[in-house]
Amino acid sequence: MHRQSSFTDAVLDPDRAAPGGVNDGFGGPAGKRFDVYRNNVVVSLTEALETGFPVLRKLVGDAFFKAMAGVFVRAHPPASPRLQLYGQRLPGFLASFPPVAHLPYLPDIARLELGLRQSYHAADAAPLDVGGLDPDAMLALKPLVAPATLVVQSRYPIFAIWRANTDSTAPGPAAGAQDILITRPGFDPAPHLLPRGGVALARLLKGRISLAEAMAATLAAEPEADISALLSLFIASGALTLERKDP
Amino acid sequence: MRDMSVPSRLPLAVGIGYKSRHYADLLADPGPVGWLEIHAENYMGDGGRPIAQLRALAERFPISVHGVGLSIGGERPLDRDHLNRLRHLCDWLDPASFSEHLAWSTHDTGYLNDLLPLPYTDATLARVGAHIGQVQDVLGRRMLLENPSTYLAFDETTMEEVDFLSELARRTGCGLLLDINNVFVSATNQGTDARAYIDAFPLSHVGEVHLGGHDADVDDTGRPLLIDSHGCAVVDPVWALYRYTIAQSGPRPTLIEWDTDVPAFATLRAEAARADAILSPVTA
């Protein structure tokens, strides 16, 4: 009745024997024939992580990533067949995985790569277009944060780390905290460095208030913020929309 | 009027498993490719490029939705959320076919992303039959069930796979997806005769045929162990088995699958042309 429990346990644990009740089709032990399933499971899930976390992989190297992925997939197989979402638990896993304790920014890089994928699959929405509007009309707009827009906060310079590993001409990272705004005006998500006050502005805009109100509240919370530069970034990067999200 | 004995709305032509990297090449010159198969789980997002590409492709080609993660053979109840996502996809896309596998992939621990094997017993038959009925009820359409590649056997099995599939089709009214490469792989791995399997198969229920590549290895005793990889060209004995099958069944929508180490579109188109050369004379 519960054959699939022992089968699953054996698939995920290379030190276990093949489950009882199976044979090689000729009356002998299943042996290597059972290992086909073990191999398929770990290899295919490892490939899903390699596809989903290219910068993380580059940071730790192919061989280390594969070994780490082998540990992760056995401990945390996907919760759903939608593999494009696989790895939600990877940041937490990395934060407590002793071999990478000296690389404390890795969990945030994993969060950034999860965010990029989430953005890639998010609902479509036309970016807010303020062309032709006078400033008062623009500031009275009550836009939505687009479904593909996400904020990733970090104590580490994750934007610089990400860029240095996706663009060989980018400068190397310096120390310091960096927050990121992910937007997807078309089909390709892009991360933007989010200056001071940006996290507050993004949070405020989720309340469906006017741009004028959001700017004032951001300045109240973060007096040092360059609010006009922030607003320009949100509009130019396609972070906002006037469309309602698809039900 | 099409041949109503073929349980599928797919054209009697050759299709390919769609890969997004082939999007532009496919639209520019599809060659003999007359329809496309997609993996359902890749199109369950809310939007973005995958959905936009699929909408555009569906204007040009009939689409077959092929599920790989429903775990129809699972001991657990079917995942209602996943079934609802499948229904949503089938509702807006209205594909020419929906198919899934005689296998399981999800258990309490999670989703294992492989097509895991089942013992062929009365208990399995009852469980899988109930799951197929549930899928067909929720989707509001007839599904096709695919025969697996098998590497090992279960002590408790009491039925032949062909009889098991025939009985499922009889009980549930589902059609069958006959994967010729899986037949060849399983027969080789079990030392049985692939042509005898085809001879015994209920070919009138077949709504689609799959062709794909496999890897070759040996087991602990040195017997051949073929592994269904979809990572290379279809081998000559599988082409011969396809020709043998089509001669008996009549024309069937035929898919070229190539899922790992995906080649340039021209390579896939050449495989499609090879299948078309076998299929077209039977269709005409």
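Where a number appears in this text, it was derived from the coordinates with a stated rule and is not lab data. Quantities reported herein were computed from a predicted structural model and do not represent experimental measurements. Heads up, the Cβs are rebuilt from the backbone with ideal geometry, glycines too, and the neighbour counts pull from every protein chain shown.
Where Rh denotes the Kirkwood radius from the mean inverse Cα pair distance, what is Rg over Rh for chain B?
0.94
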TODO: Take every residue in peptide A:76-88, count the Cβ atoms of other chains within 10 Å of its Cβ, and give the average of those counts.
DONE: 6
Task: Antiparallel %, DSSP beta bridges [both residues in the protein assembly as shown], to 5 - done: 45
Task: Structure-based [θ]222 nm, chain A - -39500 (n - 2.57) summed over DSSP H runs of at least 4, per residue, nearest 500 - done: -14000 deg cm²/dmol
- [ ] Determine the shielding of peptide B:219-226 by partner chains: average, over its residues, the number of Cβ atoms on other chains within 10 angstrom of each Cβ.
- [x] 5
Open item on the list: Rounding to the nearest 10 and keeping the result within 0 to 90°, find how far the Cα-based axis of helix A:62-75 lies from the longest principal axis of chain A.
Closed with: 80
Open item on the list: Run the Debye formula on the Cα coordinates of the protein assembly as shown, all scatterers equal and no solvent, and tell me log10 I(q)/I(0) at q = 0.06, 0.07, 0.09 1/Å.
Closed with: -0.34, -0.46, -0.74
- [ ] Calculate one ³J(HN,Hα) per residue across segment A:33-39 by plugging θ = phi - 60° into the Karplus curve 6.51 cos²θ - 1.76 cosθ + 1.60, and present them in order as whole Hz with x for glycine and proline.
- [x] 5, 6, 4, 4, 5, 3, 5
- [ ] Ignore the peptide's own chain and count Cβ atoms of other chains within 10 Å of each Cβ in B:186-198; give me the average, rounded.
- [x] 1
TODO: With θ set to phi - 60°, apply the Karplus curve 6.51 cos²θ - 1.76 cosθ + 1.60 along segment B:237-242 and write out the HN-Hα couplings as whole Hz, x wherever there is a Gly or Pro.
DONE: x, 6, 4, 5, 5, 5
Task: Coarse-grained scattering of segment A:106-247 at q = 0.09, 0.11, 0.17, 0.20 Å⁻¹, given as base-10 log I(q)/I(0) from a Debye sum over alpha-carbon atoms - done: -0.27, -0.41, -0.95, -1.23
Open item on the list: Taking the Cα centre as origin and putting +1 on Lys and Arg beta-carbons and -1 on Asp and Glu beta-carbons, what dipole magnitude results for chain A, to the nearest 20 debye?
Closed with: 760
Open item on the list: Order B:134-144, A:152-162 from most to least packed using the mean count of other Cβ atoms within 10 Å.
Closed with: A:152-162, B:134-144
Task: Summed side-chain charge close to residue A:15 - residues other than residue A:15 whose Cβ falls under 14 Å, Lys, Arg +1, Asp, Glu -1 - done: 0
Task: Equivalent ellipsoid, chain A (semi-axes from 5 times Cα gyration tensor eigenvalues, Å) - done: 45, 21, 14
